[in-house]
1. Starting at the first residue of region B:84-97, write each ³J(HN,Hα) from the Karplus equation 6.51 cos²θ - 1.76 cosθ + 1.60 with θ = phi - 60°, in whole Hz, x for Gly and Pro.
2. In region A:38-114, what chymotrypsin sites (Phe, Trp or Tyr not before Pro) fall in a loop by DSSP, with at most 15 other Cβ atoms inside 10 Å?
3. Given the whole protein assembly as supplied and a 1.4 Å probe, what does the accessible area of B:Asp13 come to in Å², nearest 10?
4. Averaged over peptide B:88-94, how many Cβ atoms belonging to another chain are found within 10 Å of each residue's Cβ?
5. Does chain A come out rounded, prolate or oblate by the C-alpha gyration tensor, with a ≥ b ≥ c the root eigenvalues, rounded set by a/c under 1.5 and, if not, prolate when a/b is larger than b/c and oblate if not?
6. Other chains near A:121-127: what is the mean number of their Cβ atoms within 10 Å of each residue's Cβ?
7. Which ³J(HN,Hα) values in Hz, rounded to whole numbers, follow from the phi angles of region B:160-171 under the Karplus curve 6.51 cos²θ - 1.76 cosθ + 1.60, where θ = phi - 60° and Gly and Pro get x?
8. Give a residue-ordered list of calculated ³J(HN,Hα) values for region A:415-431 (Karplus: 6.51 cos²θ - 1.76 cosθ + 1.60, θ = phi - 60°; whole Hz; x for Gly, Pro).
Amino acid sequence: MSKAHVTLETGAIVQPPARSAFWMRLDNAAKIYPAVQNEELTAVFRLSCILKDRIKVKPLLEAIHAIEDRFPYYKVKPKKGFFWYYLEFQNESMPLRPDLTTPCRAFKKDDLIFRILAKDNCLSVEFSHILTDGGGGFEFLKTLLLAYLRACGVSLDKEIPALKPYDVPSVEEFEDGFSKYFQKNIPSPKKKPKSFHLPFKLNDQPRFNVLMATLPMAEIYQKSKEHHATITEYLVAVYLYALQTIYNGLSNFKKRRARKIFRIQVPVNLRRIYPSKTMRNFSLFVTPEIDLSLGAYSFEEIVKTVHHLMQLETDKKLINKMIARNVGAERNIWLKNTPLFIKSLILYLTYSIAGTSQYSGVITNIGKVTFGQADKFIDHFVFIPPPPNKALRVNCGVLGFGANLVMTFGNITRSKELEREFFRFLVTQGICVKIIKY
Amino acid sequence: MNICKECGVELDDDMMLCPLCETPVLSAGTSKDVILQISKKEIPQVRKKNLLQLILWQITAVLLLSGIAATLIINLSIQGSITWSIYPMSICLMVFSYASLMVLWRTTIFFQVLAAWIISTLVLVMVNWSIEADWPLLVALPILSAVNIIGLLIKFIVMHLKAKGLNVLSLIFVSIAVLCLIIEGIISFYFIKVIELRWSVIVAACLLPVTAAILFMYFRTKNNTDFQKIFHT
């Protein structure tokens, strides 16, 4: 590849090949995180692959070496500019660490903002949301895993759809999808009222803990079909039903004080809607909801509502509205010309006051993944969402592989009531739930 | 085949340390002396630094304490009582308290300075009482406090600087300018009950262009800085 500079839509200049210096603007979704993240609210998510055999260190080091130059847009550190943070390339080796402590820990100030972790059979990657979302992170894990299996001497005859370790990264992989698909003069979506939040007491620091369970894919698929819903819609409905059960258990005083709208944030991978190859953040949220001020909902009513709202909100035109709102705010003449230290303060206060006030919970479904021939070496995958904030308190990640679906609840409270209600309901539906150790 | 007892990963036979957590591998071929040697490789450097600090403190202590003793003996043998020697003695005591706390008390710089400031304040109170004048408390103490605060601020800023070079020098110049303004303000307030700044303004006016020039050189030479990335909107 020539050494000519490549100018991206974002204005950043990229100089392939991978080892030369470059910088990038933060994408639209990433802009909030440097201002709000801390030791507890780390904005770090984890993707793990639990292999059937113990991890061998030497092939793993070879695999990391093989993909060293494949993902230059992840070998960056956030730096302070005068108006915005930016990401600057650092020619450092990819960090491989032993997986010995709490998942989703914050990154130190001078570290790259992703890490590869290994322990026993478990190979994990952790990414700061400043870099990418679950979609980008999973592509990285896929390439690493295939490079590892090859280094272990596994011959994979058929081509598995993943980025190749020795390919030159394309300019599209660097791009900010939000800016690319932003359309001017589109009205913003209406602001939604605040929603119910779990009333549980927070844990002592470090707060974040994880509960994991496996569910048979066939059973959950069957149940979803019975309700004419997708698996995601079905799980969102169960989440809302569990929240409603918790609400019903509150004292009359607390019920009167609590907000009656129950809304779940469900991330949508925009790469499935727009033809983007970006490896950076490119997801937005749909927000199915129920309003208990209209009366109690049966489970069937919740599934029906969630199904229709999700079908409606994933419409491309409505997604365009959301992109227009988010990117429009970033391009606001007053905001963009405000010095960073004031901007960070504004973003921090905005997030603290209103950040997640509109949502009662989050379910991120990475989807069902397959590695073709390589499936026989893998036991299961796990997705751990970033630690929730003090308002949200609990969130949930879902990833399907083989015959099972792995659900992970991230929780910063002393209560496991939501998880209990969630799994109890599934058991009453005849779905076998098995809590697993991570 | 070896397995790391910390990470649980499988290691090659020729690996003496786990590349992930650096835990020594306990296999038949590894002697205990080798493991001890590997696991303690960082310790000598820390010890060497502490030892050097201790030697410097001992030298400082000998110089200051002998200075106190010498001035006290001379003063007593000539005047028969403690008069002028109170000043060098109190200065030596204050410097000794700062040096001792910095070297011997293993805590954060903030607490070290705070403790030294408290001791120095007690020394000034004693001086104030023995010479029956109010300037130690009304002039010396505020100046000492200002020096401490500015010193701590410099330390804090330097700690958080990613690149340390000419920018530290410019920071010191700015601090000197601010300190001069504060010192003149305190002295003028003590004597004429009004803050009137004269010489310190000239000092500050001279130092600021020098600081600006140093900062300009710093930013021009720092990693061939791309201004677009810093100032993009």
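1. 5, 5, 4, 6, x, 5, 5, 5, 4, 4, 5, 4, 4, 5
2. When the chymotrypsin sites (Phe, Trp or Tyr not before Pro) of region A:38-114 are filtered for loop state and at most 15 Cβ neighbours within 10 Å, A:Phe82 remain.
3. 110 Å²
4. 0
5. oblate
6. 1
7. Calculated HN-Hα couplings, in order: 8, 6, 7, 10, 10, x, 5, 5, 5, 4, 5, 5 Hz.
8. Karplus-based 3J(HN,Hα) across region A:415-431 equals 9, 10, 5, 4, 4, 4, 4, 4, 6, 4, 4, 4, 5, 5, 7, x, 9 Hz.
The values are calculated or read from the model by the stated rules, or taken from the named source; none is laboratory data. Computed from a predicted structure; not experimentally measured. Positions of Cβ are generated from backbone atoms using ideal geometry, with glycine treated the same way; all protein chains shown enter the neighbour counts. Please note that ligands, DNA and RNA were not included when accessible areas were found on the heavy atoms of the full protein model with its side chains. Shrake-Rupley method; radii C 1.70, N 1.55, O 1.52, S 1.80 Å.
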